[in-house]
């Protein structure tokens, strides 16, 4: 079971040109993608009324925790 399966979330690919600094990593040759666990949230990045629901924030913390645990415990 993958970390995403365990979290019960669906991955949706979108482009957010100003929503990530991953481009700076790619510019120096490091592969990078952006990821945000802010699901079911209006896209208000850098808007005057930018906000994040408390439950969505706490769910996002759990999603990051699960993904980090899976990545940290990968055997090669």
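Nothing in this text is a laboratory measurement; each read-out follows from the coordinates by a stated rule. From a predicted model like this one, the values you see are computed outputs, not experimental measurements.
Values computed for the structure shown
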item: Residue-averaged [θ]222 nm for the chain, counting only DSSP H segments that reach four residues, each worth -39500 (n - 2.57); result: -11500 deg cm²/dmol
item: Hydrodynamic radius (Kirkwood) for the chain, which is based on Cα pairs only, to one decimal in Å; result: 14.4 Å
item: Globularity index of segment 17-61, i.e. its alpha-carbon radius of gyration over 2.2 N^0.38 Å; result: 1.39
